[in-house]
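The values are calculated or read from the model by the stated rules, or taken from the named source; none is laboratory data. Not measured: the values here are computed from a predicted model. Cβ coordinates were reconstructed from backbone atoms using ideal geometry, including for glycine residues, and neighbour counts include every protein chain displayed.
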Amino acid sequence: MTVMEQRGAYRPSPPPAWQPRMDPAPLLPDAEPYRVLGTEVAAKVDADLLRRLYAELVRGRRYNTQATALTKQGRLAVYPSSTGQEACEVAAAVALEERDWLFPSYRDTLAAVARGVDPVEALTLLRGDWHTGYDPYEHRVAPLCTPLATQLPHAVGLAHAARLKGDDVVALAMVGDGGSSEGDFHEALNFAAVWQAPVVFLVQNNGFAISVPLAKQTAAPSLAHKAVGYGMPGRLVDGNDAAAVHEVLSDAVRNARAGGGPTLIEAITYRIDAHTNADDATRYRGDSEVETWRGHDPIALLEHELTERGLLDEAGKQAARDAAEAMAADLRARMNQDPVLDPMDLFTHVYAEPTPQLREQRAQLQAELDAESEGPHR
Amino acid sequence: MTVMEQRGAYRPSPPPAWQPRMDPAPLLPDAEPYRVLGTEVAAKVDADLLRRLYAELVRGRRYNTQATALTKQGRLAVYPSSTGQEACEVAAAVALEERDWLFPSYRDTLAAVARGVDPVEALTLLRGDWHTGYDPYEHRVAPLCTPLATQLPHAVGLAHAARLKGDDVVALAMVGDGGSSEGDFHEALNFAAVWQAPVVFLVQNNGFAISVPLAKQTAAPSLAHKAVGYGMPGRLVDGNDAAAVHEVLSDAVRNARAGGGPTLIEAITYRIDAHTNADDATRYRGDSEVETWRGHDPIALLEHELTERGLLDEAGKQAARDAAEAMAADLRARMNQDPVLDPMDLFTHVYAEPTPQLREQRAQLQAELDAESEGPHR
Amino acid sequence: MTTVAVKPATMAQALTRAMRDAMADDPTVHVMGEDVGTLGGVFRVTDGLAKEFGEDRCTDTPLAEAGILGTAVGMAMYGLRPVVEMQFDAFAYPAFEQLISHVARMRNRTRGKMPLPITIRVPYGGGIGGVEHHSDSSEAYYMATPGLHVVTPATVADAYGLLRAAIASDDPVVFLEPKRLYWSKDSWNPDHPTDVEPIGRAVVRRSGRSATLITYGPSVPVCLEAAEAAREEGWDLEVVDLRSLVPFDDETVSASVRRTGRAVVVHESGGFGGPGGEIAARVTERCFHHLEAPVLRVAGFDLPYPPPMLERHHLPGVDRILDAVGRLQWEAES
Amino acid sequence: MTTVAVKPATMAQALTRAMRDAMADDPTVHVMGEDVGTLGGVFRVTDGLAKEFGEDRCTDTPLAEAGILGTAVGMAMYGLRPVVEMQFDAFAYPAFEQLISHVARMRNRTRGKMPLPITIRVPYGGGIGGVEHHSDSSEAYYMATPGLHVVTPATVADAYGLLRAAIASDDPVVFLEPKRLYWSKDSWNPDHPTDVEPIGRAVVRRSGRSATLITYGPSVPVCLEAAEAAREEGWDLEVVDLRSLVPFDDETVSASVRRTGRAVVVHESGGFGGPGGEIAARVTERCFHHLEAPVLRVAGFDLPYPPPMLERHHLPGVDRILDAVGRLQWEAES
Ligand SMILES: Cc1ncc(C[n+]2csc(CCOP(=O)(O)OP(=O)(O)O)c2C)c(N)n1
Ligand SMILES: Cc1ncc(C[n+]2csc(CCOP(=O)(O)OP(=O)(O)O)c2C)c(N)n1
Ligand SMILES: [Mg+2]
Ligand SMILES: [Mg+2]
């Protein structure tokens, strides 16, 4: 007897368990990045919001220049500047409610500061002081994360846990174009979609991962197109248009909070400064590219809009600049004080209770320090 | 002076460096899995190909039942059967040229055998004998790979290397629906697309990863939709339709060979047997689902087609069955011989030359074995 | 309720019971991993938990170990106590970046503000005839990662007590479950499970005067067997079950070796760069002038884990242990 | 040509030259990693290679370490000799599954049919004021993984000779580059680079009679400094530079310790579960009756690597080494 005979008549039906679970069309990003400034939508945006974004952008730019200056003075070990990307940094912070969580990557000091983290505490890691300067629970900002994309599953887990507990908390996770190549990016987005976790992924596509341009990072039509492969919507936005980034993020946050699941947002932007103060960007890109992008500056874009609508005059600009200068002066003053670190702290937080082994090592270091302070040993 | 004044007039142009690199539409899979058998296309398929596929399917099914029987007789440690999925296994082997490479997952013994690997050697790992029984270079079949999705970057690297050397070799990599969740899946597809490597990814979506159903694995419209996020075409195919799988694979292989880059293919199929002989599938799925899929049996589908076209008569079926039985008898006979393993081999292949440490350990084991063979030690 | 009401109980049952009791006592305890829900795990160690506590408390995750551990980190940040199952030792490797860079370091990174009370259950070791990737002993990696506790039971009672302690710990614990002891039984009474067993204390499983066997996990029963067999040779061996590799119980171990003057460390893990080096070195540092002979090691060979048909040659067995004891330079005693 | 024509040369230049020469000699050698092409690497160690050999021979990959090593495996399967750069020690962790499950095992898995001649360059260690994740000493993980060679140079000449040997090896080699020695110089002449230095041989960097310092990589200069300082105390220290952790040169090390009767192992990596345990244990096994004192260890503390401002307290320095030498129970000599 043939298999066919065994199984009865041939049935020319499609595979029985097959059914597409959702129409992919609504998940796909638009062909062009979403923009608000310079379009008719701009007129409808709340004036206070625009003014707030403007003040934050000006402050953020000043923060970047001040922090970069501090590296030259040896007050910071290193600083990855987000100059040119302030619209993303600021909008990410502003789009969240107080109870929400922000998961910044190593470049997103500004987003942490815009969310309320003390400007000096946010730099603790980068000045060579203890790893995380701020209490993550105070402003619900996870530690600035250096291993790329590894913070994304954390954001998913936190959002999932909040939902399980019945809290309407949203997690916003930031990552770079380079970081999108890591396996953790994939796993995080997949878990988020399967769990319908209230999480929003913001990819800042600034064109480079250190020296590696986007074309060597991906061959996709856009990074936002990755969303469809997880079953979540992908959005593409002009990352230098603070109003557009804010709107797209706010929509995604609102949707997540309402139980609509995760969204992947790609913001097209550009890193104006080198990767960090230690990097030499002339090795991998030309000045003309940078100049072109300076012509699409996030502050200039918003300033133009505000001025046109009569929402910003010279006094308003001056006020924003003054506030930024005050912040910078405070930053300089406080960063010029040498931090005082207690070497004994090395042993305090490895475990809830130091192991017997760590207690021994702590005693050893204490003895060494005591001997040192008693005068030259040898 | 404001930033805007510094930078000159506001330019309402889109972000200058933004341009989508490709239209996503051609990358998206069709809404329905591609089918040949039972459609008018079937009539155009080469008769010899269909007969060859049929013989391989019958042989493959028999291989699965025989190997499963061998586990019950203690001749195999474990066997992950591909019954129900033979069309994918067989088509994967048949679609390749001799010079191409196959990268099977742990379930794809059948694909290796269909490509020419000795049926007993292909089971070496699973009988508890040495890890890989066959020489991977003989038939260009990489070792059956147990850590899920980890073989995918290997396939990409090999295809890339071949292209760099100027060889028109294609690599075909197989993975399961569960394996598509791993970070290595993501990284492999991304590298393949960026490098435009001649590699074809075949995901056998058989509905389960051990006990975990597809709905807990992904929320995507289909796994093939992931392709667009890498910038490669995604194809969806009825995985039980050998002619369809063969055609889709052959197209992708041809395209890759011609320099057209990678393709992601999702074949919708079903695992009729339990995960392995050690698994109890009744804990996570009902009989009726299995029965439904038995009605869409890959052998029955092809048998119907061949019979309708007058390409297969009772004698032809009998010939296929006889060949399969001969293979099974040979398998039984040879698997019933106890393999002879040399414990000294443990030390031979860890490095090109054993380290001094391994030489010492080898001497120790040799001494122990010598002592043992001299009679009871204690 | 689950199937644990059998007496005597197996180690697998005690582990199930530990999770069940922890989940009942503390609503923040969540079990997650591949196949842990509906199936109850490939070793059935999570059997019944999804049924009793729901799929949100015992969750079948997508198949991605870094994702499992990474999302567990986020869950712990929000106040949950995830108990993560890695299906097999070798399949924990994809999660190593999350483990080393985050799980082990988050408390320290945040100066104690953000502890991560995660338990990572890892079935480990060989001797079960598993095919490649199913028999690794990966404890050396975990031991070399400060910020993790590393715990492994050898008895049914310890399986319960130590797993309760691991889940209750405010620190991450890598909980290594000896696969080949899953079905070992003893008279542990599941209706009156023992107390939580504090992490960090070794225990003398057998007292002896001639030499100390220092061991843990799957090698404990082998050492006890060796100690019995050694009586024939006139050796009275002490057997110390470490139970916790981190923290390490120097006190118990050193006290034993000072008493006996001789020691052999026994484990399945490869010798070179394995746990035995650390153990032998620290015992020697602490007990040098009490030692009649160097601390010796009996370990797996320095190989990728061998195929099932050869594993008996690889695993430390009674004979190899007794040979090592024999090499403890007994002539020095005279 | 690249910028290596300076004399004296730095270790970084010697490494560049080694890759350059290997690529010129053998068309199957391919360099790959993050930023290794156009930029020449964040430490400029691959500077000029893309220019000289083209982007197909020195390739900027996407940002994914498992993908980098995984594709290198496939390239090696097809007969190439990939030289992979991991940008920093801690960023090699995502590649651990590929490393442990495939790179280290493929030769053995296929009974020698499919060797993987891959060199994995890992800048490692601290002392450069790097922020978190930029100063790890991860050699313990590599040592515990049979199938890998683990090599680390301490001099400019060895950087060249050992990297050439690593690339020429038919086995996978984890090549650990001490970051803080990248800019160390010596009189090595880049126009006449030394020969390939066989892997597996330790070298006595300084002869002495009182005790042996066993060390490698970034701690070698520290130990040499300590040995100088020790003369004041009347100690004449021998310094052994291991150069290769796997295979381990028992012969050279044991010969030295038998001569001196005392030993201290020095490394930056954390002590517990670190390389020092293995080294101390095996030295003790081999030299027990020659030892006047236990083999001691001076290592990093058992902590996640500390913030830059505290790293000097963590790293083994001259004083801590001399303290250990002082604890070698000298009274036993009298
Ligand atoms: C896992 C990991 N690999 C490598 C690095 C080293 N690294 C730091 S930043 C960077 C580039 C990141 O690029 P992208 O994600 O685009 O972020 P951007 O710097 O543009 O903000 C690299 C490779 C890292 N931090 N983590
Ligand atoms: C990295 C890794 N994690 C876990 C496992 C254990 N495991 C073996 S098969 C399997 C399910 C695989 O499902 P799928 O990818 O759909 O393939 P299928 O079994 O359906 O062929 C699991 C979890 C593994 N082999 N590798
Ligand atoms: Mg970038
Ligand atoms: Mg499957």
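Quick grid of which residues meet (1) among the small types (Gly, Ala, Ser); (2) in contact (Cβ under 8 Å) with a residue 40 or more places away in the chain; (3) within 16 Å of ligand 1 (Cβ to nearest atom):
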residue	(1), (2), (3)
B:Arg62	no, yes, no
B:Ala87	yes, yes, no
B:Ala91	yes, yes, no
B:Asp108	no, yes, no
B:Val113	no, yes, no
B:Pro119	no, yes, no
B:Ala122	yes, no, no
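Residues checked against (1) out of contact with any Leu (no Cβ under 6 Å at 6 or more places or on another chain); (2) farther than 22 Å from A:Gln318 by Cβ; (3) within 16 Å of ligand 4 (Cβ to nearest atom):
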site: A:Arg52; (1), (2), (3): yes, no, no
site: A:Ala55; (1), (2), (3): yes, no, no
site: A:Ser81; (1), (2), (3): yes, yes, no
site: A:Glu86; (1), (2), (3): no, no, no
site: A:Tyr106; (1), (2), (3): no, yes, no
site: A:Ala122; (1), (2), (3): yes, yes, no
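Residue count for segment D:283-313 satisfying the condition of being more than 7 Å from every other protein chain (Cβ to nearest Cβ) and either closer than 20 Å to A:Pro343 by Cα or part of a helix (DSSP H, G or I) (or both): 11. State all residues of segment A:339-374 that are of a type in the set (Asp, Glu) and assigned to a helix (DSSP H, G or I); if no residue qualifies, say none. Listed by number, the residues that qualify are A:Asp345, A:Glu360, A:Glu368, A:Asp370, A:Glu372.
Of all residues in segment D:141-162, those satisfying the criterion of being farther than 30 Å from D:Pro8 by Cα and either in a loop (DSSP other than H, G, I, E, B) or among the small types (Gly, Ala, Ser) (or both) are D:Ala144, D:Thr145, D:Pro146, D:Gly147, D:Leu148. Within the bounds of segment B:114-126, is there any residue that is touching a His at 6+ places or on another chain (Cβ under 7 Å), at pLDDT below 95 and within 14 Å of chain D (Cβ to nearest Cβ)? Yes, segment B:114-126 contains a residue that is touching a His at 6+ places or on another chain (Cβ under 7 Å), at pLDDT below 95 and within 14 Å of chain D (Cβ to nearest Cβ). I'd like to check something: does segment B:313-327 contain any residue that is surrounded by fewer than 18 Cβ atoms within 10 Å (Cβ to Cβ), under 30 Å from C:Asp35 (Cβ atoms) and small (Gly, Ala, Ser)? No - not one qualifying residue is present in segment B:313-327. If the condition is being closer than 26 Å to B:Thr146 by Cα, surrounded by fewer than 21 Cβ atoms within 10 Å (Cβ to Cβ) and in contact with a helix residue (DSSP H, G or I) (Cβ under 6 Å, 6 or more places away or on another chain), then segment B:276-311 contributes only B:Asn277. Taking the criterion of being more than 7 Å from chain B (Cβ to nearest Cβ) and hydrophobic (A, V, I, L, M, F, W, C), the residues of segment A:270-300 that qualify are A:Ile272, A:Ala274, A:Ala278, A:Ala281, A:Val290. All told, B:Leu365 meets the bar of being more than 14 Å from chain D (Cβ to nearest Cβ) and surrounded by 15 or more Cβ atoms within 10 Å (Cβ to Cβ).
With respect to the conditions (1) among the hydrophobic types (A, V, I, L, M, F, W, C); (2) under 16 Å from the mean Cα position of the chain (by Cα); (3) under 25 Å from B:Arg51 (Cα atoms); (4) away from ligand 2 (no atom under 16 Å from the Cβ), B:Ala244 falls short on a single one, namely (2). Based on what the data block shows, is B:Gly316 over 27 Å from the mean Cα position of the chain (by Cα), away from chain D (no Cβ under 14 Å) and not in a loop (DSSP other than H, G, I, E, B)? When the stated conditions are applied, B:Gly316 passes them. Residues in segment D:39-91 that are of a type in the set (D, E, K, R) and either assigned to a strand (DSSP E or B) or within 16 Å of ligand 4 (Cβ to nearest atom) (or both): D:Asp60, D:Arg81, D:Glu85.
Listed here are the residues, each with its yes/no results for (1) buried (at least 23 other Cβ atoms within 10 Å of the Cβ); (2) touching a Phe, Trp or Tyr at 6+ places or on another chain (Cβ under 8 Å).
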position	(1), (2)
D:Arg201	no, no
D:Arg205	no, no
D:Ala211	yes, yes
D:Gly217	yes, yes
D:Glu225	no, no
D:Val239	yes, no
D:Leu245	yes, yes
D:Val265	yes, no
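Where helices (runs of 4 or more DSSP H) fall entirely within segment B:133-243, those with at least 3 residues that are within 14 Å of chain A (Cβ to nearest Cβ) and away from ligand 4 (no atom under 16 Å from the Cβ) are at B:151-165, B:183-195.
Can you find a residue in segment B:74-87 that is within 10 Å of chain D (Cβ to nearest Cβ) and under 14 Å from the mean Cα position of the chain (by Cα)? No, segment B:74-87 contains no residue that is within 10 Å of chain D (Cβ to nearest Cβ) and under 14 Å from the mean Cα position of the chain (by Cα).
Per-residue answers, yes or no, for (1) touching an Asp or Glu at 6+ places or on another chain (Cβ under 8 Å); (2) under 20 Å from B:Lys216 (Cα atoms):
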| residue | (1), (2) |
| --- | --- |
| A:Ser181 | yes, no |
| A:Phe185 | no, yes |
| A:Val203 | yes, no |
| A:Ala209 | yes, no |
| A:Met232 | no, yes |
| A:Arg235 | yes, no |
| A:Asp238 | no, no |
| A:Ala244 | yes, no |
| A:Leu249 | no, no |
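Among the candidates A:Leu152, A:Leu148, the residue that is more than 8 Å from ligand 1 (Cβ to nearest atom), hydrophobic (A, V, I, L, M, F, W, C), buried (at least 24 other Cβ atoms within 10 Å of the Cβ) and at pLDDT 95 or above is uniquely A:Leu152.
Here is the figure for segment D:124-152: residues that are of a type in the set (A, V, I, L, M, F, W, C) and either under 16 Å from C:Met143 (Cβ atoms) or within 8 Å of another protein chain (Cβ to nearest Cβ) (or both) total 4. Of all residues in segment A:146-156, one or more are free of Cβ contacts under 8 Å to residues at least 12 places away in the same chain, away from ligand 2 (no atom under 16 Å from the Cβ) and under 17 Å from the mean Cα position of the chain (by Cα).
C:Ile321 satisfies every condition listed in (1) more than 8 Å from every other protein chain (Cβ to nearest Cβ); (2) not basic (Lys, Arg); (3) not in a helix (DSSP H, G or I) except (3).
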